[in-house]
Amino acid sequence: MNGVMIDAEALKEFLDKAEPFIPEDAFGSWADHLDRRLRSANQQFDLIKQSRGDPGRLPWHLIPATRRLPAAERERGAERAYVLARLAESGNGQQFWQSVDNWEERPKWALEWATYWFYLANPERAPWWTRWLYNPGNQTGAFVLLLDDPRVMEPRVPPSQQYGQIAQGMGILGAVLESIHRLPRVPDSHRPMICLSLVYAVYMFTVTSWRMTTEFTQVLPPFARVVEGLLGIRHGEGVQLEQRESQKL
């Protein structure tokens, strides 16, 4: 597995663009929400157990990628989704990743669902692999935007190997953020994920400003609201953000 290196200069540029658009109290509010998510892990795993794999009772709403899945797709993926969540809770990482790697015709939401539960069970060492963090299908995402050499991410290897690179990179990112004294108001445990959500929000707004008309970009949510969405914080659960016009970054 190739090592990953974080480009500190690119990181600074993204944060310099993002931070002016974040209300003063948002960072603490987001960290508190992520803490509450982890503290409620047992309750969330209880929802999995109580569902018994029933597609209609699985807590799809907890993960952005699965909140709006059509009923037919929930039906097709329910058994594997249930098994993966239970394996994540069991702490059997080897069996968990074997199941992920061996899932043929894996749906787009599978990795985000699976690693959410793996993260809940192992928050100190297991990141949540969302599609915006890294999408191996088209090799995009916040993670590769910060890599010194994005080519180290090999899309043709099993997900377990890619996840190892992501976990390694998240650890390095945390160390870099500490060394350059950025996001000091965010606890160490949440700093890499919140940082990456800021990076991807900057990317989203920048690409939108290039490709779409000014009239269209004005209907986008405020920048900080977009960050909340990336973190899986639903409307009303996070900080009460100021109502301000989205501005071109």
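When every Cα-Cα distance of the stretch 166-208 is counted in 10 angstrom steps from zero, the calculated P(r) takes the values 28, 50, 21, 1 percent.
So how do 46-58, 22-34, 124-136 stack up, highest first, on mean other-Cβ count within 10 Å?
The most tightly packed comes first, giving 124-136, 22-34, 46-58.
In debye, nearest 20: dipole of the stretch 8-231 around its Cα centre with unit charges on the Cβ of K, R (+) and D, E (-)?
Details: 25 positive and 26 negative charges, 118 e Å.
Result for the stretch 8-231 is approximately 560 debye, rounded to the nearest 20.
Take the alpha-carbon centre of the stretch 7-44, take the same for the stretch 74-116, and report the distance between them in whole Å. What the calculation gives is 27 Å, centre to centre.
Dividing the convex hull volume of the alpha carbon atoms of the stretch 61-199 by its residue count gives 113 Å³ per residue. Hull volume per residue, based on the alpha-carbon atoms of the chain and their convex hull, is 132 Å³. Both the radius of gyration and Dmax for the stretch 84-151 are 12.7, 36 Å, in that order, over alpha-carbon atoms.
Using the average count of surrounding beta-carbon atoms within 10 Å as a protection proxy, the listed peptides 141-148, 156-163, 14-21 rank, highest first, as 141-148, 14-21, 156-163.
Report the relative contact order of the stretch 8-231, percent, no decimals, based on alpha-carbon pairs under 8 angstrom and at least 6 residues apart.
Numbers: 194 pairs, mean separation 51.8, N = 224.
Answer for the stretch 8-231 is 23 percent.
Fully extending the segment from GLN161 to GLU75 would add 28.1 nm, taking 0.36 nm per residue of separation and subtracting the current Cα-Cα distance. Please report, as a whole percent, how much of the solvent-accessible surface of the chain comes from carbon and sulfur atoms (probe radius 1.4 Å). Summing carbon and sulfur atoms, their accessible area is 47 percent of the total for the chain. For the stretch 4-73, the share of alpha carbon pairs falling in successive 5 Å distance bins from zero is 3, 12, 13, 14, 13, 14, 12, 10, 7, 1 percent.
Based solely on its DSSP helices, what 222 nm [θ] is calculated for the chain when runs of n ≥ 4 H residues each add -39,500 (n - 2.57) and the sum is averaged over all residues, nearest 500 deg cm²/dmol?
Details: 11 runs with 135 residues, N = 249.
When only DSSP H runs of four or more count, the value is -17000 deg cm²/dmol.
The values are calculated or read from the model by the stated rules, or taken from the named source; none is laboratory data. All values reported here derive from a predicted model rather than from experimental measurement. Using ideal geometry, Cβ is built from the backbone for each residue, glycine included, and neighbour counts are taken over all protein chains shown. These accessible areas exclude ligands, DNA and RNA; they are computed on the full protein's heavy atoms, side chains included. Shrake-Rupley method; radii C 1.70, N 1.55, O 1.52, S 1.80 Å.
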